[in-house]
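Trainee: I'd like to ask some things about the structure below.
The values are calculated or read from the model by the stated rules, or taken from the named source; none is laboratory data. These numbers were taken from a predicted model, which means no experiment stands behind them. In this analysis, Cβ positions are derived from the backbone assuming ideal geometry, glycine residues included, and neighbour counts consider all displayed protein chains.
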Amino acid sequence: MSVQDGAVKDLPRRAGGALFSAVWWGMLVASLLVAGVTARLGFWQLERAHAKEAVHAMIQSRQQEPVLRNADWGAEPAPPEWLQRRVEVQGQWLPRFTVYLNNRTMQGQAGFYVLTPLALPNGAVLWVQRGWVARDRVRSDWLPPVPTPQGTVAIQARVVPPPSKLMELGPSDPVTEGFSTLRHNVDFEAFRLQTGLALVATLQQTDAASEGLLRDWPAAISGADKNRGYAFQWFALSLLSLLLFAWFQVWKKLSHD
């Protein structure tokens, strides 16, 4: 056999070796890419956990600050650093501006959040989430009556952001004077402009249940443990991708050589 014939017969083996090398390097790149992306997602979840813990610590700290009373409120909107602070004020309800927020749940049941403005003696108005009332199972659009005490009342509450908004196809119903209004969503600034009230903050009433309203508001928890669980899963997937490559593309091949 000539040297040329031997070279020709060796072509398939060399071609197979080149193909194997290309596949091996491709698998290596893919494994490293998967490991890198999943590891980055794991660190991202840890960052979210740290951020949630910081917010939770801030909430706990503010709830230990002095209680806000009537003298603390003025014509200016409440500063952001007042969020989650405790409030004890006296004022008069403005029941003609009561709003029922639909499709809100509490204790696993569907119902309404009831919001009523509270006017302070100095003219400032606080928008109070008074509590939750169950929805009628037959007439879903029927608004259960909620008695509103007249005269000066004293409430305990905390400063919170305006109610979260749910998805809806059309705009919220306008506020109508003279009777309570059913809403899916309500915007703080829009409500202030529509009513002409000098709203300065949104509160969440924390007194014991009264006027037929429940006040079993969600407890402030950080939720960081859930993010740490997600981070563990991403890190495990990152490590698994490297171990699979090492087992099938390195150890298996070395043991067969």
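Trainee: Return yes when ALA201 is of a type in the set (A, V, I, L, M), modelled with pLDDT of 90 or more and surrounded by 12 or more Cβ atoms within 10 Å (Cβ to Cβ) and no when it is not. So that I can check it myself, show each step before the final result.
Mentor: Values: of a type in the set (A, V, I, L, M): yes; modelled with pLDDT of 90 or more: yes; surrounded by 12 or more Cβ atoms within 10 Å (Cβ to Cβ): yes.
When the stated conditions are applied, ALA201 passes them.
Trainee: Can you tell me which residue within segment 216-227, out of those that are more than 16 Å from GLN84 (Cβ to Cβ) and crowded, with 16+ Cβ neighbours inside 10 Å, is modelled with the lowest pLDDT?
Mentor: Step one: filter segment 216-227 for residues more than 16 Å from GLN84 (Cβ to Cβ), giving 216, 224-227.
Keeping just the survivors that are crowded, with 16+ Cβ neighbours inside 10 Å gives 224, 227.
Values: ALA224: 76, ASN227: 85.
Going through the qualifying residues, I end up with ALA224.
Trainee: Among (1) assigned to a helix (DSSP H, G or I); (2) among the polar types (S, T, N, Q); (3) touching a Lys or Arg at 6+ places or on another chain (Cβ under 9 Å), there is one condition GLN204 misses while meeting the rest; what is its number?
Mentor: (1)
Trainee: Determine if segment 84-97 includes at least one residue that is farther than 15 Å from GLY151 by Cα, without any contact (Cβ under 8 Å) to a residue 60 or more places away in the chain and assigned by TED's automatic domain parsing to the domain that holds PHE188.
Mentor: No.
Trainee: Also: Go through segment 22-42 and give me each residue that's modelled with pLDDT of 85 or more and surrounded by fewer than 13 Cβ atoms within 10 Å (Cβ to Cβ).
Mentor: Correct list: VAL29, ALA30, LEU33, GLY36, ARG40.
Trainee: Mind telling me which of the residues GLU76, GLU65 ends up being in contact with a Lys or Arg (Cβ under 9 Å, 6 or more places away or on another chain), part of a loop (DSSP other than H, G, I, E, B) and either under 30 Å from ALA201 (Cβ atoms) or at pLDDT below 90 (or both)?
Mentor: Working: GLU76 fails: in contact with a Lys or Arg (Cβ under 9 Å, 6 or more places away or on another chain).
Only one candidate passes the filter, namely GLU65.
Each row is one residue, and each column tells you yes or no for (1) in contact with a His (Cβ under 8 Å, 6 or more places away or on another chain); (2) within 20 Å of THR195 (Cα to Cα); (3) exposed (fewer than 14 other Cβ atoms within 10 Å of the Cβ).
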{"position": "ALA75", "(1), (2), (3)": "no, yes, yes"}
{"position": "THR105", "(1), (2), (3)": "no, no, yes"}
{"position": "PHE112", "(1), (2), (3)": "no, no, no"}
{"position": "LEU118", "(1), (2), (3)": "no, yes, no"}
{"position": "TRP127", "(1), (2), (3)": "no, yes, no"}
{"position": "ARG137", "(1), (2), (3)": "no, no, yes"}
{"position": "PRO145", "(1), (2), (3)": "no, no, yes"}
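Trainee: Could you please find all residues in segment 150-181 being surrounded by fewer than 12 Cβ atoms within 10 Å (Cβ to Cβ) and at pLDDT 90 or above?
Mentor: Scanning segment 150-181 gives GLN150, GLY151, THR152, ALA154.
Let's see how each residue does on (1) over 20 Å from the mean Cα position of the chain (by Cα); (2) more than 24 Å from GLY223 (Cα to Cα):
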site	(1), (2)
ARG48	no, no
GLU53	no, no
HIS56	no, no
LEU101	no, yes
LEU115	yes, yes
ALA124	yes, yes
